[in-house]
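The values are calculated or read from the model by the stated rules, or taken from the named source; none is laboratory data. Computed from a predicted structure; not experimentally measured. Positions of Cβ are generated from backbone atoms using ideal geometry, with glycine treated the same way; all protein chains shown enter the neighbour counts. These area figures cover heavy atoms from the full protein model, side chains too; ligands, DNA and RNA do not enter into them. Shrake-Rupley method; radii C 1.70, N 1.55, O 1.52, S 1.80 Å.
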Amino acid sequence: MDGTVVQSLPSRQSGQYWDAAATNWEEEIFSSFHNDRKGVILSALKAAADGKAAMADFGCGVGIYLPVLGRLFGAVHGFEQSAACVDVARRKTRGQGNISVHVASSALKSWRGRFDAVLCANAAIHPRRAIWQGVLDSARALLRDDGGKLILVVPALGSARLLAKAERNAAAPRIIVKPDAPDGSSGVSIDGVSTKHFTAAELKRELAARGFRAIRVQKVEYSWACHSIRPPKALSAAKPWDWLVTARAA
């Protein structure tokens, strides 16, 4: 899964959300991969590449990453909860025989521990703590224990605060940042949709608790234009970002 949302779609908590998004994904969903200014995500994928390795794209959406993954890894399996998205992803990759796409919202027992690498791009973004933690648990479960590689992309809390500051004087602000609720639900809302945003320290803590080591966190920077925001001059040098995390299963 990749990107933020648009108000016209059903609630993200509804299974209808991603089915509705599948038909016009490029117009409705922000692509971290295509808007990555410095190619940080692609560099991480190339660093992990192995023509004999098995890669899982957990939360693959309509398969934005699958074609490039198919060129970098020996076998690629996409997992996605939306049957409509799976149909689009299968059509997109029908010419690449080493790619399979499956309907699944969690790490099925038959696939656990079978992958050398797992990509999880903006899938751990549900506002409820139990759900985004479940995504991290599933991504970990897919990896082999002896050094399996995780490549994780998630929204950054600092970036949300930067965006909110940049549009502070807007007539109708799109980004609202409040403290998380007592139950752990995210306090960040973009276009009326609550989305989990992380600090770097939180990511390191959550991944270490799941047995990951060699955890590296870096920024995936985007332009202001792709967020449809013209920042004040004082903020223009800074850039919005997501977090890219690479780690190894111990």
Identify the residue in the stretch 70-102 that is open to solvent by 10 Å² or more (accessible area, probe 1.4 Å) and closer than 19 Å to A124 by Cβ and, among all such residues, is modelled with the lowest pLDDT.
Q81
Which numbered condition K165 misses (of (1) open to solvent by less than 40 Å² (accessible area, probe 1.4 Å); (2) closer than 20 Å to V220 by Cα; (3) part of a helix (DSSP H, G or I)):
(1)
May I ask you to verify whether L152 is under 18 Å from A201 (Cα atoms), buried (at least 21 other Cβ atoms within 10 Å of the Cβ) and in contact with a strand residue (DSSP E or B) (Cβ under 6 Å, 6 or more places away or on another chain)?
yes
The stretch 141-197, residues that are in contact with a His (Cβ under 8 Å, 6 or more places away or on another chain) and of a type in the set (D, E, K, R):
K196
Given (1) touching a residue at least 60 places away in the same chain (Cβ under 8 Å); (2) open to solvent by 10 Å² or more (accessible area, probe 1.4 Å); (3) closer than 26 Å to K196 by Cβ, number of the condition D116 does not satisfy:
(3)
Could you count how many residues in the stretch 116-151 are in a helix (DSSP H, G or I), closer than 20 Å to V76 by Cβ and under 16 Å from the mean Cα position of the chain (by Cα)?
4
Name every residue in the stretch 220-250 that is open to solvent by 60 Å² or more (accessible area, probe 1.4 Å), farther than 26 Å from N169 by Cβ and outside any loop (DSSP other than H, G, I, E, B), in order of residue number.
R248
Taking the conditions exactly as written (at pLDDT 80 or above, closer than 28 Å to W224 by Cβ and open to solvent by 40 Å² or more (accessible area, probe 1.4 Å)), does K46 satisfy them or not?
yes
Restricted to the stretch 177-192 and to residues being open to solvent by 30 Å² or more (accessible area, probe 1.4 Å) and in contact with a Lys or Arg (Cβ under 9 Å, 6 or more places away or on another chain), the residue modelled with the lowest pLDDT is D183
When H77 is evaluated against the numbered criteria (1) touching a Cys at 6+ places or on another chain (Cβ under 6 Å); (2) free of Cβ contacts under 8 Å to residues at least 60 places away in the same chain, which criterion, by number, is the only one it fails?
(1)
